[in-house]
Amino acid sequence: ETAKKNDGGNDEYGASCTSFYTTTEKQDTYESLNDILNKKCANEQVRVVIKDMLAACADITGALRTALVTVEGSANTFGDAQLSVDVIADKIMWEACKKSSVVREGASEEDPE
């Protein structure tokens, strides 16, 4: 399985330079996330974190489908203007970390405290 990054100057795929494509053919069935993690990740706690964060990403995707992108009027620790979607995603990720049975500490550029 190989992934190909479109370099922006190559019109082969006609997409943005941040797009990735695979040459893998569609299959009728795929391995489950648990099967893949059990094969690829020996540490049970890391497997739990991966599943927790993927669930948070799904929640973020759902929340951002209806969110209006606005500037919050503040900046993060790197000086970037905070967007409403940044704040929404940050809040969901922190909620997931608090609920996690294995996450003990975290950091965010949106809220460094």
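The values are calculated or read from the model by the stated rules, or taken from the named source; none is laboratory data. Values in this document were obtained by computation on a predicted structure and should not be read as measured data. Here the Cβ positions follow ideal geometry from the backbone for every residue, glycine too, while neighbour counts run over all protein chains shown.
Among the residues making up region 35-59, a single one is in contact with a Lys or Arg (Cβ under 6 Å, 6 or more places away or on another chain) and in contact (Cβ under 8 Å) with a residue 12 or more places away in the chain: L37.
Counting only helices (runs of 4 or more DSSP H) wholly contained in region 14-113, no element carries 3 or more residues that are of a type in the set (A, V, I, L, M) and surrounded by fewer than 10 Cβ atoms within 10 Å (Cβ to Cβ).
Within region 8-29, the presence of a residue that is modelled with pLDDT of 85 or more and within 24 Å of G106 (Cβ to Cβ) is excluded.
The set of residues from region 75-113 being of a type in the set (K, R) and farther than 17 Å from A63 by Cβ comprises just one member, R104.
Reported count of residues in region 60-79, each being under 11 Å from E110 (Cα atoms) and in contact (Cβ under 8 Å) with a residue 24 or more places away in the chain, is 3.
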